[in-house]
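Asker: Sharing a structure below in structure tokens format, with a few things to ask.
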Amino acid sequence: MIICSLGNLSAQHNRNLSTQQHSKLHQDLIAGQQNIHKAINLVDSIALLEMLEEEEQEFPGADIYGDNWDQTWVNPYKVPIEKLPETETIDVSEYCMPIISHITSNYGWRRRRMHRGVDLALHIGDTVRAAFSGKVRLTRYERRGYGYYVIIRHNNGLETIYGHLSKFLVQPDQIVKVGDPIALGGNTGRSTGPHLHFETRYLGMDINPNKIFDFVNQVPHTDTYTFNPKELASGLGYGKYKSKGTQNGAKYISYRVRKGDSLSRIASKYGVTINQLCRLNGIKRNAILREGKVLRIR
């Protein structure tokens, strides 16, 4: 009887142990499946992001321009001002100056015609680069105007025009990254000397490039530009900008954040207050400054 009882206890113990082992194996299996699902979801997310990035590169500004990919005209859009967005915030943080140079002729009225861009000094054969990432919409020659010119539509919705070139380094429908060489500078078309004619447009409406870029310090004024078509149409956006980094007689200064910078250090360097920096740039006092970010100082 004692032997049988011991045997029954041993069998019961084995059954309990087997049940526990089975339960643990089951839990491990479920955990493994969950990890697999997480891995699959991660792979799917990465694949989706890559697909969206490819679509953005292939169809830059599609949410703005739709399927309008004209390869004949500079401005094929002709959008009435009442149908333009009241305002649009455009990301200009990822940029490259088309050429490191200075303005020789500014944006604004010239006698009876409008000069819709800025002219930048260069030597024939100097490399001209894409201001932002995007896709080449057209490359053409215009004898009485731009000469050889390139138009790029960018991922941020802007289009940029590069005129009076001597040679194309890209072709229509080519995807370009910010800073990629796109052409060589020249003196073609209606030009009185070697220079780059540079325009910035949104839905065909020209924007004073000085509104976006500080050509003195070779940086954007801020990380974003607010497009306001009514302001531009009223003439407020058409006045000449002073090429010495001033606007309406007041200093207009930008600063690119470097490693180790802080708001207090930058404020002290330029003789302004932290509150002024925060107000001008829409940031808080405890904001973490990203290296490369452009801050407006005045």
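The values are calculated or read from the model by the stated rules, or taken from the named source; none is laboratory data. Just so it is clear, the model here is predicted, and its values are computed rather than measured. A quick note on method: Cβ atoms are made from the backbone with ideal geometry, for glycine too, and the neighbour counts reach across all protein chains shown.
Asker: So is residue 258 outside any helix (DSSP H, G or I), within 24 Å of residue 101 (Cβ to Cβ), at pLDDT 70 or above and over 20 Å from the mean Cα position of the chain (by Cα) or not? Show your work before the answer.
Answerer: Details: outside any helix (DSSP H, G or I): yes; within 24 Å of residue 101 (Cβ to Cβ): yes; at pLDDT 70 or above: yes; over 20 Å from the mean Cα position of the chain (by Cα): no.
The answer is no for residue 258.
Asker: Among the residues of the stretch 181-198, which ones are closer than 18 Å to residue 94 by Cα and crowded, with 18+ Cβ neighbours inside 10 Å?
Answerer: Keep residues of the stretch 181-198 that are closer than 18 Å to residue 94 by Cα, which gives 181-182, 198.
Once the filter is applied, which keeps residues that are closer than 18 Å to residue 94 by Cα and crowded, with 18+ Cβ neighbours inside 10 Å, the stretch 181-198 yields 182, 198.
Asker: Does residue 231 qualify as being part of a strand (DSSP E or B) and within 23 Å of residue 79 (Cβ to Cβ)?
Answerer: No: the conditions fail for residue 231.
Asker: Among the residues of the stretch 85-104, which ones are among the aliphatic types (A, V, I, L, M), over 8 Å from the mean Cα position of the chain (by Cα) and outside any loop (DSSP other than H, G, I, E, B)?
Answerer: 103
Asker: Taking the options 153, 190, 140, name whichever one is among the charged types (D, E, K, R) and at pLDDT below 95.
Answerer: The conditions single out 190.
Asker: Tell me which strands (runs of 3 or more DSSP E) are completely within the stretch 111-151 and hold 3 or more residues being in contact (Cβ under 8 Å) with a residue 40 or more places away in the chain and closer than 17 Å to residue 189 by Cα, or say none if there are none.
Answerer: Details: elements: 113-115, 118-121, 127-129, 134-142.
Hits in the stretch 111-151: 118-121, 134-142.
Asker: Starting from the stretch 270-298, take each residue that is assigned to a loop (DSSP other than H, G, I, E, B) and list its partners that are surrounded by fewer than 11 Cβ atoms within 10 Å (Cβ to Cβ), counting only C-beta distances under 6 angstrom and pairs at least six apart or across chains.
Answerer: 291/259
Asker: Restricting to the stretch 234-255, and then to whatever is under 26 Å from residue 289 (Cβ atoms) and not in a loop (DSSP other than H, G, I, E, B), can you tell me which residue is modelled with the highest pLDDT? Outline the logic, then answer.
Answerer: Taking the stretch 234-255 and keeping what is under 26 Å from residue 289 (Cβ atoms), we get 245-247, 250-255.
Those still in the list that are not in a loop (DSSP other than H, G, I, E, B) too: 246-247, 250-251, 254-255.
Values: 246: 41, 247: 39, 250: 38, 251: 46, 254: 74, 255: 78.
Top of the filtered list is 255.
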